[in-house]
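Enquirer: What follows is a structure written as structure tokens; I'll ask about it next.
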Amino acid sequence: MPEQTPKPTNAPARRTRSGGRAGRAERDQGRRAVPSIEARDGAAGFQHPEKPLIIICGALGAETKAVLAAAGLADAFEITALPAIWHNFPDRIPAGVETKAVQARKDRADRPIFVGYADCGTGGMLDEVCDRLHLTRIAGPHCYSFFAGEAEFNAMAEEELGTFYLTDFLARHFQTLIWEGMGLEGNPDMLGTMFGGYKRLVYLAQTDDSALTDLASGAAAKLKLDFERVFTGYGELGDFVAAAAS
């Protein structure tokens, strides 16, 4: 039976308005398949049971590695990821995290495991797994909140509930994860039904990258939403990694 078309799970952060069309960069990056770390480590298993483990969303791979490198901790942790496409299917996340954690502790029962997910639409189910298996996850309802900071994100949501958010990863893979992943490629008439309640798209930028800004602006135009860019850096992800290291 085919899977149901996912609904937008994007939750309702210094601000700069900008616009414009994405050009060749959008077409080229949009055609790239979403990378799957799981495809590589799932077959090989865990190679460093002596190290603490971080289980991350596949959409946070580059950001997590950048934060670790900046803190001088590039070799201090082993990292494994679940598919980034689960951004559209959050009900799969708790079981996926549990499977990874159980597998990782086969060789070392007391292995510290950290979870690079916020609740991410699991409705508390991920917390149940973390509590039962003694895993530590990053605080917050979703990655938009921990990138922007809870107070700043709440202010944005209060200002305009009808906001759709992109991160660097989601801007880069908008075509694959959102336009195609939500079924809009073959059914563009669904745009009004799925996004009719949104007024603007806010790009929460982790890096200063003009090509990504163009991609995000192009995504807003495609969704027929106003566009804003907010630079966040890595936000509270850095604090989470520092706490894990300590």
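Enquirer: For ALA62 and THR193, what does the FRET efficiency come to when R0 = 30 Å and r is the distance between their Cβ atoms, rounded to the nearest 0.05? Mind showing how you got there, number by number?
Expert: Numbers: r = 33 Å, r/R0 = 1.09.
With R0 = 30 Å, the Cβ-Cβ based efficiency is 0.35.
Enquirer: In the neighborhood of PRO49, defined by Cβ-to-Cβ distances under 11 Å, what is the net charge if each Lys or Arg adds +1 and each Asp or Glu adds -1? Walk me through the numbers on the way to the answer.
Expert: On the way: positive: LYS51, ARG105, LYS106, ARG108, ARG111; negative: GLU50, GLU78, ASP107, ASP110.
Computed value for this residue: +1.
Enquirer: Separate question: By how many nm would the segment from ALA245 to ARG132 grow when fully extended, if each residue of separation counts as 0.36 nm and the alpha-carbon distance is taken off? Intermediate results must be reported in sequence, preceding the final value.
Expert: Numbers: separation 113, 0.36 × 113 = 40.68 nm, distance 2.20 nm.
That works out to 38.5 nm of additional length.
Enquirer: Let me ask something else about it. ³J(HN,Hα) across region 215-221 via Karplus (A = 6.51, B = -1.76, C = 1.60, θ = phi - 60°), whole Hz, x for Gly/Pro?
Expert: Karplus values, whole Hz, x for Gly and Pro: 5, 5, 5, x, 5, 4, 4.
Enquirer: What ranking of ASP208, ASP168, ASP226, ASP127 comes out by heavy-atom accessible area, probe 1.4 Å, highest first?
Expert: Numbers: ASP208 120, ASP168 5, ASP226 95, ASP127 50 Å².
Largest accessible area first, the residues go ASP208, ASP226, ASP127, ASP168.
Enquirer: At a 1.4 Å probe, what is the % contribution of carbon and sulfur to the accessible area of region 148-231?
Expert: Answer for region 148-231 is 46 percent, counting heavy atoms of protein chains only.
Enquirer: Taking R0 as 22 Å, what's the FRET efficiency between GLN103 and THR207 from their Cβ-Cβ distance, rounded to 0.05?
Expert: Values: r = 32 Å, r/R0 = 1.47.
Once the sixth-power term is evaluated, E becomes 0.10.
Enquirer: Place a point 7 Å from the Cα of ALA155 along the Cα-to-Cβ direction; which residues of region 191-209 have their backbone N under 20 Å from it?
Expert: Under cut-off, by backbone N: 200-207.
Enquirer: In square nanometres, what is the average projected area of the Cα convex hull of region 148-231? If you can, show how the numbers build up before the last one.
Expert: Values: hull surface 20.7 nm².
Averaged projected hull area, Cα only: 5.2 nm².
The values are calculated or read from the model by the stated rules, or taken from the named source; none is laboratory data. Keep in mind it's a predicted model, so treat the numbers as computed, not measured. Cβ coordinates were reconstructed from backbone atoms using ideal geometry, including for glycine residues, and neighbour counts include every protein chain displayed. Protein only, heavy atoms only, side chains kept; ligands, DNA and RNA dropped before computing areas. Shrake-Rupley method; radii C 1.70, N 1.55, O 1.52, S 1.80 Å.
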